[in-house]
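Structure first, then comments.
The values are calculated or read from the model by the stated rules, or taken from the named source; none is laboratory data. This one's a predicted model, so the numbers in the text were calculated from it and none came from an experiment. FYI the Cβ positions are ideal-geometry reconstructions off the backbone, even for glycines, and counts take in every protein chain you see. Accessible surface is based on the protein model in full, side chains and every heavy atom, while ligands, DNA and RNA are left aside. Shrake-Rupley method; radii C 1.70, N 1.55, O 1.52, S 1.80 Å.
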Amino acid sequence: MSRRLFATLIGVIFISLVWTLIRMQIFIVMMVPEDNIWVEFGGWFFSSIFVFLSWTGVFYGVRYYQLLQLEHRIMLKAEAETKQELMKRIIAQTEAREAQIKMLRYQLNPHFLCNTLNAINALIETEESKIAQDMTVKLSKFLRYSLDHNPDNKIALRNEINALNLYLDIEKTRFGDRLALDFQVSSEAQNAKVPSLILQPVIENSMKHVIAQNEEGGTISLKADVIDDKLVLEMSDTGSGIKVGRSKLQISQGRGVGLRNIDERLKVLYRENFSFELNISASGGLKTTITIPYESAVSSS
């Protein structure tokens, strides 16, 4: 900038000098043919300097304004391209996240469907067609609920429990009095948002490893409450009666895909802002505790 200002000043002085000489010479030839006009050279010269400095200032002002507008347009274009690229990245990440969640949730449906269809087939073979028909209707309602709810969405816990009861109605048809339920859900927890079908895999695990393997059946419990802005879900069963160790390795080996599936879904939905704890009692009963941030499904308005 200093070099540019210096060069501009020298240029203005030189051009002003040349312009002054030309003007004065033309004035002498055409207007006043007298040589004493040169005594006024200083005034002519400084007036020329003032004019050219003014024109130079206008030129630089217009030029810098144009450059500023150009830089502003370039900045806006770059910002728009950055936002567009960011939106593409967010959309891609969202689509990948939704695909992962769907994959994790729909992984459970074939397993449950096979068990239920086998039970319906057994009822048909024993000529209990009315019970088989009722069980088929209940299965249809449960599967429709599963398909109608996006696995990436969260629903009120009361709706999740309603869906869970659809599943349990099917299992009650299979196990009858061998299946006992103990649900204790606070009114505040009923309005909490939870991932759809997050409870069913835990209950299905208990059905498979407790109710189905114990001739006397057992009890499946669900407790839900809101503690310190956290929704705490506790699901437990009475166990199969076989004494087992308490290690999580035995939990993961003995209790199947369902629990690992829940853990993966919670990681996708809540990152690190959740807890998923498993504890096994001496009789083999499993207690599953899920703690997630409390989100109310009831609008504040």
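Of note:
- When the residues VAL232, VAL18, VAL194 are ordered by accessible surface, computed with a 1.4 Å probe over the protein chains alone, the sequence from largest down reads VAL18, VAL232, VAL194.
- Subtracting the Cα-Cα distance of PHE27 and GLU128 from their residue separation scaled by 0.36 nm leaves 23.8 nm.
- Amide H contacts of ILE220 (H built 1.01 Å from N, under 5 Å, at least 5 apart or other chain): ALA180, LEU181, ASP182
- Where a label projected 7 Å from the Cα of TRP19 along Cα→Cβ would reach, residues of segment 44-71 with amide N under 11 Å: 45-57
- Förster radius 35 Å - calculated FRET efficiency between CYS114 and ARG89 (Cβ-Cβ, nearest 0.05): 0.35
- Dipole of segment 138-238, positive end: most advanced residue of ASN162, ILE227, GLY217 [Cβ charges, Cα centre]: ASN162
- Spatially proximal lysines relative to LYS287 (Cα-Cα < 22 Å; intrachain offsets below 8 disregarded): LYS172, LYS193, LYS208, LYS223, LYS230, LYS243, LYS248, LYS267
- Mean Cα-pair separation over length for segment 190-235, i.e. relative contact order, pairs under 8 Å, 6 or more apart, %: 28
- Segment SER281-ASP225, extension gain: residue separation times 0.36 nm, minus the distance between their alpha carbons: 17.9 nm
- Note that segment 259-269 has calculated 3J(HN,Hα) couplings of 5, 5, 4, 4, 4, 5, 5, 5, 5, 5, 7 Hz, one per residue in order, obtained from phi through the Karplus relation 6.51 cos²θ - 1.76 cosθ + 1.60 (θ = phi - 60°); glycine and proline are x.
- Here the Karplus curve 6.51 cos²θ - 1.76 cosθ + 1.60, taken at θ = phi - 60°, turns the phi angles of segment 77-90 into couplings of 5, 5, 5, 5, 5, 5, 4, 5, 5, 5, 5, 4, 5, 5 Hz, with x standing for Gly and Pro.
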